[in-house]
Amino acid sequence: MFIGHAAVALAAKKAAPTTSLGTLLMAAQFIDLLWPVFLLLGLEHVRIDPGNTALTPLDFYDYPFSHSLLAVVVWGFVFGGLYFAARRHRTGAVVLGLLVVSHWVLDFLTHRPDLPLAPGSETRVGLGLWDSVAATVIVEGLLFAGCVVLYVRTTKPIDRIGTYALWGLVAILAVIYSMNVLGPPPPDTGVIAYAGNASWLFVLWGYWIDRHRAVRAQALSPAS
Ligand SMILES: [Zn+2]
């Protein structure tokens, strides 16, 4: 899943209005930010295998430290715990921890059974939504659209950048997503590892958007 992770980060702004969208995006993508680093370090491995599923040419055969359920729960506690240590903000910490774990849940929905339960475990799970391009695009597209609407209802622009930066991000995510679905497989695994680090760009973009948008008053009141 790709835009689905950004989607839940946008939606989470309503649950943690004082937490920056940049931090929410970092949490939702966190294990995909670790993954390219672990690939470069040789701790984890991926293979290019066109047709592995209808949606991705990648065979995620070895990624226990970034993508096993146990590891992701640990990363969730680490992420939430560091945030709590820095900000003393319990709701934000809980939401961020849950966002880290949400990544695994969304990957579980889309991946073929390649997600290990724990490092060293032979049990691998995944519901395989990626076997169908149409089903994936519908599910992920609706999730993304719904979460963007929720984010727009939760925040409002305080200047023009607040509008353009948000819609620019939405547009670029949609374009990259289409390229992923329609484009050719990557030339080699080195490209995947290096290009994967570009996800940090969206985190920085999130901080930029957040500085130019304010939380709407009604989104803060418990009655809403
Ligand atoms: Zn992932």
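Roughly what angle does helix 200-211 make with the longest principal axis of the chain, taking Cα atoms, 0 to 90 degrees, to the nearest 10?
Between the helix axis and the principal axis of the chain, the angle is about 10 degrees.
Using a probe radius of 1.4 Å on heavy atoms only, what accessible surface per residue do you get for segment 121-224? Whole Å² is fine.
Heavy-atom SASA per residue in segment 121-224 reads 59 Å².
Compare Trp167, Trp200, Trp208 in a GNM of the chain, Cα atoms joined below 10 Å, and give the one with the largest fluctuation.
Trp167
Considering only protein heavy atoms and a 1.4 Å probe, what is the carbon-and-sulfur percentage of the accessible area of segment 7-60?
Of the solvent-accessible surface of segment 7-60, carbon and sulfur hold 64 percent.
Springs between alpha-carbon atoms under 10 Å, Gaussian network over the chain: tell me which of Tyr151, Tyr177, Tyr194 tops the mean-square fluctuations.
Greatest mean-square fluctuation among the candidates belongs to Tyr194.
Tell me, what % of the accessible area of segment 68-208 is carbon and sulfur with a 1.4 angstrom probe?
74 percent
Using the eigenvalues of the Cα gyration tensor, what equivalent ellipsoid semi-axes result for the chain when each is taken as the square root of five times the eigenvalue, whole Å, largest first?
29, 20, 16
Hand me the trypsin sites (Lys or Arg not before Pro) from segment 1-104 located in a DSSP loop with no more than 15 other Cβ atoms within 10 Å, in residue order please.
Those satisfying the criteria are Arg88.
Can you give the angle from 0 to 90° between the axis of helix 133-154 and the longest principal axis of the chain, with both taken from C-alpha atoms, to the nearest 10?
Approximately 20 degrees, to the nearest 10.
The values are calculated or read from the model by the stated rules, or taken from the named source; none is laboratory data. What you see is a predicted model; the values in this text were computed from it and never measured. Positions of Cβ are backbone-derived with ideal geometry, glycine not excepted, and every protein chain shown enters the neighbour counts. These accessible areas exclude ligands, DNA and RNA; they are computed on the full protein's heavy atoms, side chains included. Shrake-Rupley method; radii C 1.70, N 1.55, O 1.52, S 1.80 Å.
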